[in-house]
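Colleague: Pasting a structure here, questions to come.
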Amino acid sequence: MTAYKLRIAHLYGDLMNTYGDYGNVIALTYYAKQIGVTVDYHLVSLHDTFKADDYDFVLFGGGQDYEESVTAKDLPGKSAEIKAYIEQGGSLLAVCGGFQLLGRTMEFADGKVINGIGVMSHHTVNLNSPELKDGMRGKRLIGNIEIKNNENGETYHGFENHQGRTFLGEGEKALGHVISGNGNNGDDQTEGVIYRQVYGTYFHGPILTRNGNLAKRILKNALSKRYPEIDWQGKLAAIPTESF
Amino acid sequence: MLVYNLFMTIRSKFALFAGSTSYILLHKILHRGGTSLPGKIAYQLDPAILKEFANKIQTVIITGTNGKTLTTALCARVLSQSGRLIITNKSGSNMIQGIVATIMAHAAQIRQANRQGQKPIAVLEVDEANVKAAAQSLQASHFVLTNIFRDQMDRYGEIYTTYEKITDGINSSPKAEVIANGDSPIFARKPYPNPVVYFGFADRPETGDHRAPTNTDGILAPTDDQVLHYHYLTYANLGSYFTPDKSFKRPDLKYAVTKVDSLTPAKSDFEIDQHAFTLPLGGLYNIYNALAAYALGREFGLCADQIFAALNEDSRIFGRQEQLHIGDHLVTIVLIKNPVGANSVIDMMISDPQPFSLVTLLNANYADGIDTSWIFDAEFERLHETKLAKIIVGGQRYQDFSVRLKMAGFPDQIVEQDFGKLIDRIKALPTKNAYVAATYTSMLMFRAELTKAGLAKGSF
Ligand SMILES: [Zn+2]
């Protein structure tokens, strides 16, 4: 029997790790183990090299403003390979700050604007931005949130906690539409993003621990790319899905 | 200017009178300490009231995100060896109002001590955001800094924001001495205008080269582009840290734990500066608290023997963990609210030589922290290193914890959503010992059931 492997890169996992983001690795490992897949976890941090072909799944989490600004300075050295990884259909989950940094620009609470790597077309403003509707400014978006993806019919539950407001750009779809809570910007009812095999979100919780349906979807994508001959969908359907 | 000063003084005297009166009245009416309300009344009358006491007492401020309460209790006990009157606040009165109340409740004693030519010492636990106000008005002589960890409960909980608040207070009192945890990298980020001494762990050789576990906060050097390395870690991001280019490293320690002999949940044997010492408490973090109190005592000129005598004297001050009997089970209740705290509890369980059961109670009300995701930042996988025999998962957010423990490799759980049935569940556990790890409001709800069943007193 072949030993199947899922090679995970946790981008800046020692800096961008707020609010249980690592739990997404725990969840994927939990499901992978039940279908006979071993997880190889790699931390890819400051000054480390990231190579697109070395990984089957990438997690890019959120951080405090300070860590996020340090991460942003290091990112240009890795952005070409991250771009290659995404464009060749690599699976990636980006949460909060990681989601923001994959886009064009992001703005800190103090008004400082920095460039993301721009591999995706969304951009993020801060909570005081004139881009926001009256009444939506000045407050952090915190609380429980539920969204629905109208294409696949799945609903996802989580907890959002962000000051940044993200607006999706060309070629991007939302991860879901807001049923309750705020979502990307509290205005257009979108939450998160889907672009190729990239899933971005403001959900903590963490998203894959509470939404086994999404964890399985991502796992299936990642494994099918590496081992296309195997029926991963069937294997995953045979094990229980944690969802609450 | 003269008029202003005179006015302030009269106002302060009035505030003092009004505050004292309300303290006495409330105390009589409510038959309880009433720590916050009388202080609030006085504070609203005159925030400058504390300044009246600046030259009447000497003030030590203890601050940091974790361990303040116990460290304050230990510091008070240690400094009582000086023979001077000690004034200290209860936890929960660590904001400026609570401090005013504490000082005013002792105004008569302070006056009396002053008349006898003695200056009492106020040993105060101070909330991080209140350090500046307290230090400036009381002209603090010492700051004791425990640590700064991120608390998921606090939505502004960036550790560097907390750090700025504390250093703001310290910088405003440049003559006061800083006694800081040297193992915490954040306390050495910037130079202080103040005299500084550091305490920490020096129980291992300075030869290793390790990194903190991935999921650790606060591991960037002030150079902004280097992740810290460690010769060794004690817990969280604490330890003997350095950067590969040697531009930043742990400062020299003046006071150190030189050896750890044995750790159990109920007792820690270790050495500080080669003196053997026993603490009737488990948990490395408590050794840090004792070390902080030791460092303060030494800076006050006390000798090691005096300090150890004070710390050994009475174990009632270590009342943070509550134990009680349920049927023939010995149940230890511990509060959990963030990953560092939960990891410390797990460490304690690892040091328990007896088999035990674990009851987790998770709520997500405001006082618990409304975001439960922190449970995925704590290392419940390490429970495999313990003699854990049975798990009960409860609380309003039982599902979160149930999945957390399943994913940590513990599929065999009793799930009990009903607080009213927990006591019977505990009575049926296979082990004599059980830990109840609960968030704040779930602990209160569990306590209410214990009270109903006549197993615990109503208030605590
Ligand atoms: Zn976030």
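The values are calculated or read from the model by the stated rules, or taken from the named source; none is laboratory data. Remember, it's a predicted structure, so these values are computed and weren't measured experimentally. Glycine gets a Cβ as well: all are built from the backbone with ideal geometry, and neighbour counts include every protein chain shown. Each accessible area value is taken on the protein alone, full model and side chains, heavy atoms only, with ligands, DNA and RNA left out. Shrake-Rupley method; radii C 1.70, N 1.55, O 1.52, S 1.80 Å.
Colleague: Not counting the cut sites, what is the longest span of chain A without GluC sites (Glu not before Pro) that DSSP labels loop and that have at most 13 other Cβ atoms within 10 Å?
Modeller: By the stated rule (loop sites, at most 13 other Cβ atoms within 10 Å), A:1-150.
Colleague: When you look at the Cβ of every residue in B:367-374, what mean number of other chain Cβ atoms sits within 10 Å?
Modeller: Mean partner shielding for this stretch: 5.
Colleague: At 222 nm, what helix-only mean residue ellipticity would chain A give, in deg cm²/dmol to the nearest 500, using -39500 (n - 2.57) for each DSSP H run of four or more?
Modeller: Per the formula, -7500 deg cm²/dmol.
Colleague: Please identify the trypsin sites (Lys or Arg not before Pro) of region B:195-269 that satisfy two criteria: DSSP loop assignment and at most 11 other Cβ atoms within 10 Å. Which are they?
Modeller: Listed in order of number, the matching sites are B:246.
Colleague: Right, something else. Just the number please: accessible area per residue for region A:5-237, 1.4 Å probe, all protein chains included, in Å².
Modeller: 35 Å²
Colleague: If you take the charge dipole of the protein assembly as shown about its Cα centre, with +1 on Lys and Arg Cβ and -1 on Asp and Glu Cβ, which of B:88, B:64, B:448 is farthest toward its positive end?
Modeller: Among B:88, B:64, B:448, the one farthest towards the positive end of the dipole of the protein assembly as shown is B:88.
Colleague: Okay, helix-only estimate at 222 nm for chain B: each DSSP H run of n ≥ 4 adds -39500 (n - 2.57), divide by all residues, round to 500 deg cm²/dmol; what do you get?
Modeller: After summing the helix terms and dividing by residue count, I get -10500 deg cm²/dmol.
Colleague: Taking the alpha-carbon distance from residue A:173 and a cut-off under 29 Å, which lysines remain once sequence neighbours fewer than 8 residues away in the same chain are dropped?
Modeller: Cross-link targets: A:51, A:73, A:78, A:83, A:112, A:133, A:139, A:148, A:216, A:220, A:225, A:235.
Colleague: Moving on. Taking +1 at the Cβ of each Lys and Arg and -1 at the Cβ of each Asp and Glu, which of B:247, B:237, B:268 sits farthest along the dipole of region B:214-286 towards its positive end, judged by Cα position relative to the Cα centre?
Modeller: B:268
Colleague: Given the whole protein assembly as supplied and a 1.4 Å probe, what does the accessible area of residue B:82 come to in Å², nearest 10?
Modeller: 50 Å²
Colleague: What residue among A:10, B:434, B:380 has its Cα farthest toward the positive end of the dipole of the protein assembly as shown, where the charges are +1 on Lys, Arg and -1 on Asp, Glu, each on the Cβ?
Modeller: Most positive-ward Cα: B:434.
Colleague: Something else about it: With the contact rule set at Cα under 8 Å and sequence spacing of 6 or more, what percent relative contact order holds for chain A?
Modeller: The value is 19 percent.
Colleague: Then there's this: Can you run phi through the Karplus equation (6.51, -1.76, 1.60; θ = phi - 60°) for region B:264-276 and list ³J(HN,Hα) in whole Hz, with x for Gly and Pro?
Modeller: 10, x, 9, 7, 10, 10, 7, 10, 10, 6, 6, 9, 5
Colleague: Using heavy-atom solvent-accessible surface (probe 1.4 Å) with all chains present, what is the largest-first order of B:275, B:106?
Modeller: B:275, B:106
Colleague: For region A:5-237, rounded, prolate or oblate, judged on the Cα gyration tensor with a ≥ b ≥ c (square roots of eigenvalues), a/c < 1.5 rounded, else prolate if a/b > b/c?
Modeller: Oblate.
Colleague: Something else about it: Would you mind checking the tilt of helix B:68-79 against the longest principal axis of the Cα atoms of chain B, expressed as 0 to 90 degrees and rounded to 10?
Modeller: Compared with the principal axis, the helix lies near 60 degrees.
Colleague: For region A:5-237, which whole-number percentage of the solvent-accessible area (1.4 Å probe, protein heavy atoms only) is attributable to carbon and sulfur atoms?
Modeller: Answer for region A:5-237: carbon and sulfur cover 45 percent of the accessible area.
Colleague: Rounded if a/c is under 1.5, else prolate if a/b beats b/c, else oblate: with a ≥ b ≥ c from the C-alpha gyration tensor eigenvalues square-rooted, which is region B:321-452?
Modeller: rounded
Colleague: I've got another one for you. Compute, for region A:5-237, the length of the dipole vector about the Cα centre, with Cβ point charges of +1 (Lys, Arg) and -1 (Asp, Glu) only. Units Debye, rounded to 20.
Modeller: Here region A:5-237 has a charge dipole of around 440 debye.
Colleague: Further, regarding this structure: Net charge near residue B:340, counting Lys/Arg +1 and Asp/Glu -1 over other residues with Cβ under 12 Å of its Cβ?
Modeller: Around residue B:340, the charge tally is -3.
Colleague: Give the ranking of B:329, A:123 by solvent-accessible surface, highest area first, calculated with a 1.4 Å probe.
Modeller: In descending accessible area the options line up as A:123, B:329.
Colleague: Let me ask you something else. State whether chain B is rounded, prolate or oblate according to the following rule on the C-alpha gyration tensor (a ≥ b ≥ c being the square roots of its eigenvalues): a/c under 1.5 gives rounded; otherwise a/b larger than b/c gives prolate, and the remaining case gives oblate.
Modeller: Oblate, since a/c reaches 1.5 and b/c is not below a/b.
Colleague: While we're on this one: If you put +1 on each Lys and Arg Cβ and -1 on each Asp and Glu Cβ, how big is the dipole of region B:67-185 around its Cα centre, in Debye rounded to 20?
Modeller: Approximately 660 debye in magnitude.
Colleague: At 1.4 Å probe size, what's the solvent-accessible area of residue B:232? Round to the nearest 10 Å².
Modeller: Near enough 10 Å² of accessible area.
Colleague: Starting at the first residue of region B:291-297, write each ³J(HN,Hα) from the Karplus equation 6.51 cos²θ - 1.76 cosθ + 1.60 with θ = phi - 60°, in whole Hz, x for Gly and Pro.
Modeller: Coupling constants for region B:291-297: 5, 4, 5, 4, 4, 4, x Hz.
Colleague: Relative to the longest principal axis of the C-alpha atoms of chain B, give the angle of the C-alpha long axis of helix B:398-407, reported between 0 and 90° and rounded to the nearest 10°.
Modeller: 60 degrees
Colleague: Give a quick list of trypsin sites (Lys or Arg not before Pro) in region A:1-86 that DSSP marks as loop, anything other than H, G, I, E or B, with at most 15 other Cβ atoms within 10 Å.
Modeller: A:51
Colleague: Also, quick follow-up: Which whole-Hz ³J(HN,Hα) couplings does region A:132-137 yield from phi under the Karplus relation 6.51 cos²θ - 1.76 cosθ + 1.60, θ = phi - 60°, glycine and proline marked x?
Modeller: Calculated HN-Hα couplings, in order: 8, 5, 4, x, 9, 7 Hz.
Colleague: Let me spell out the model: positive unit charges on the Cβ of Lys and Arg, negative unit charges on the Cβ of Asp and Glu, origin at the Cα centre of the protein assembly as shown. What dipole size does that give, in debye rounded to 20?
Modeller: That gives a dipole near 2080 debye.
Colleague: Taking chain B as the reference, fit the longest principal axis to its C-alpha atoms, fit the long axis of helix B:339-350 to the helix C-alpha atoms, and give the angle between the two in degrees, 0 to 90, nearest 10.
Modeller: On a 0 to 90 degree scale, this one is about 60.
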